[in-house]
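**Q** Below is the structure I would like to discuss, written out as structure tokens.
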Amino acid sequence: MIKKIIISACLLLSLMSFAQGGSSSPYSFYGIGEVRFKGSLENRSMGGLSVAPDSIHINLENPAGYANLKLTTFTMGGSRSSTKLKTDTESAKAQRTTLDYLALALPFGKFGVGLGLIPYSSVGYKVESISTDGSQNNYRFNGSGGVNKVFLGMGYEIAPNLSIGADAHYNFGRIETYSLEFVPYVSIGSRELNTADLSGVNFNIGMMYQAKINKKLSFFSSLNFSPESTLTSENTRNISTVIFNSNYDVQVVDELENLSIPTNLKMPSKLSLGAGIGDSGKWLLGAEFTSQNKGNLTNSYNTIDNVVYGKYSKYSIGGYYVPNSKSFSSYTKRITYRGGFKYEKTGLIINSQPINDVGLTLGLGLPITGSFSNVNFGLEVGKKGTKAANLIQENYINLNVSFSLNDKWFVKTKFN
């Protein structure tokens, strides 16, 4: 157990160091950045589907799932993303490697408890606007940081086919933006630095229900709700005149006094409903719908006239198949095959164009022989945004990997 705790602590520190570089999207400029997928790789490989109870995998989206765990489970996941950014006239490539989540869950009979750390949103962009004929000013924009969540949750099995749960999230993080404006062929320009320190608390409640249709077929359903909450942002703005060289290394010439602008951001309420049918432990096919109200996540440094925020919605279809989870003679029959499809309306509207995200997901769950643990691999291929109205389309490929380490803890040693 001590080794597991040490490993968990080391991975926690690693995740915190990676959490600030989780995006390479220019759309992460808006709001509090690009909102990351909250669930585990197992759910992500099914298009985001999280309706089925699981005894050895943590359900990070619905806290009612903690009540279904039979073994202590430690899980972590990471991803490698390759994105091609395209406009009508230009294209560029970006890559990033991130740790996506770290969690531990412990079963206590009808109760289950889970805790962990998840990056909630990420900011990461570098954009230049250079006038080739010198007729307009030139601009350079950088942004980094994001918001993370530390969570603690509990699930309880009310009946053999019904469980409920709730979790609390403490949100924290820092977003830094940098903008430089200068006249062509002049080495003096103006620089603006913005820093936002964010913090707040929100809650999440969930329910999972299953019922037998016949001897082999079961019905699964889930409900998940997050009430509206407040995210406090302590903003600091610094404006200065600078001298810079060809590498944009700057030297401050004149600097105004820092300006503090505290702001309360509104994180909107969110509701998810899912249902599916299948033979538990062998196959599942389901669908899930998520709706989120219009929030108010615009801060003092990213308010733009041509940008509005609407409701968020997501449609997911997916499932899994295991040929024979109890096979002793064939390893391939114990592999879990996953697949899904997602369609997201992010709620971000720029130049009257909605920014949507559509993707196809695939995954494999490879059992570790001699244990209940497993290694999971996922592939996600999709498109976000559009080239219309002078905007940017992102074509991305995400390669994901996770570990789910399962064992019995707190077992009293017996001696003959």
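The values are calculated or read from the model by the stated rules, or taken from the named source; none is laboratory data. Nothing here was measured: the structure is a model prediction, and the numbers come from that model. Cβ coordinates were reconstructed from backbone atoms using ideal geometry, including for glycine residues, and neighbour counts include every protein chain displayed. The protein model used for the area step is the full one, side chains on, heavy atoms only, and it has no ligands, DNA or RNA in it. Shrake-Rupley method; radii C 1.70, N 1.55, O 1.52, S 1.80 Å.
**Q** Kirkwood Rh over Cα pairs of the chain into Stokes-Einstein at 25 °C, 0.890 mPa s: D in µm²/s?
**A** Here the translational diffusion coefficient equals 107 µm²/s.
**Q** Moving on to the next point. For the chain, what does the helix formula give at 222 nm: sum of -39500 (n - 2.57) over DSSP H segments with n ≥ 4, over the residue count, nearest 500 deg cm²/dmol?
**A** Calculated mean residue ellipticity at 222 nm is -1500 deg cm²/dmol.
**Q** DSSP loop trypsin sites (Lys or Arg not before Pro) in the range 182-276 with at most 12 other Cβ atoms within 10 Å of their Cβ, which ones?
**A** LYS215, LYS216
**Q** Next question. Mind checking the range 194-278 for chymotrypsin sites (Phe, Trp or Tyr not before Pro) that DSSP puts in a loop (not H, G, I, E or B) and that have at most 15 other Cβ atoms within 10 Å?
**A** In loop regions of the range 194-278 (DSSP not H, G, I, E or B), the sparsely surrounded chymotrypsin sites (Phe, Trp or Tyr not before Pro) are TYR248.
**Q** Accessible area per residue for the chain in Å², computed with a 1.4 Å probe and the full protein assembly in place, what is it?
**A** Here the per-residue accessible area is 50 Å².
**Q** Kindly flag which residue pairs out of LYS282/LYS311; LYS270/LYS342; LYS212/LYS342; LYS149/LYS282 have an alpha-carbon separation exceeding 26 Å in this structure.
**A** Pairs exceeding the cut-off: LYS282/LYS311; LYS212/LYS342; LYS149/LYS282.
**Q** Could you list the chymotrypsin sites (Phe, Trp or Tyr not before Pro) in the range 328-392 that lie in coil according to DSSP, counting only those with at most 15 other Cβ atoms within 10 Å of their Cβ?
**A** PHE328, TYR331
**Q** Still on this structure: Looking at the chain as a GNM with Cα springs under 10 Å, which of ILE350, ILE213, ILE397 has the largest mean-square fluctuation?
**A** Of ILE350, ILE213, ILE397, the most mobile in the Gaussian network model is ILE213.
**Q** Then there's this: Answer rounded, prolate or oblate for the range 90-232, using the Cα gyration tensor with square roots of eigenvalues a ≥ b ≥ c: rounded when a/c is under 1.5, else prolate when a/b is larger than b/c, else oblate.
**A** prolate
**Q** log₁₀ I(q)/I(0) of the range 292-377 at q = 0.13, 0.16 Å⁻¹, via Debye over equal Cα point scatterers, no solvent, to two decimals?
**A** Results for the range 292-377 at q = 0.13, 0.16 Å⁻¹ read -0.63, -0.73.
**Q** Sticking with this one: State the extension gain, in nm to one decimal, for the chain segment bounded by SER55 and VAL358, taking 0.36 nm per residue of separation less the distance between their alpha-carbons.
**A** Working it through step by step, the gained length comes to 106.1 nm.
**Q** What's the angle, to the nearest 10 degrees (0 to 90), between helix 2-18's Cα axis and the longest principal axis of the chain?
**A** 30
**Q** Could you let me know the centre-to-centre spacing of the range 279-332 and the range 74-153, using Cα atoms, in angstrom?
**A** Their Cα centres are 17 Å away from one another.
**Q** TYR170 to LYS215: extension gain in nm, 0.36 nm per residue of separation minus the Cα-Cα distance?
**A** 11.9 nm
**Q** Oh, and also: Tell me, in nm to one decimal, what length is gained between LEU379 and LYS333 on full extension, where the rule is 0.36 nm per residue of separation less the Cα-Cα distance?
**A** Computed gain between LEU379 and LYS333 is 14.5 nm.
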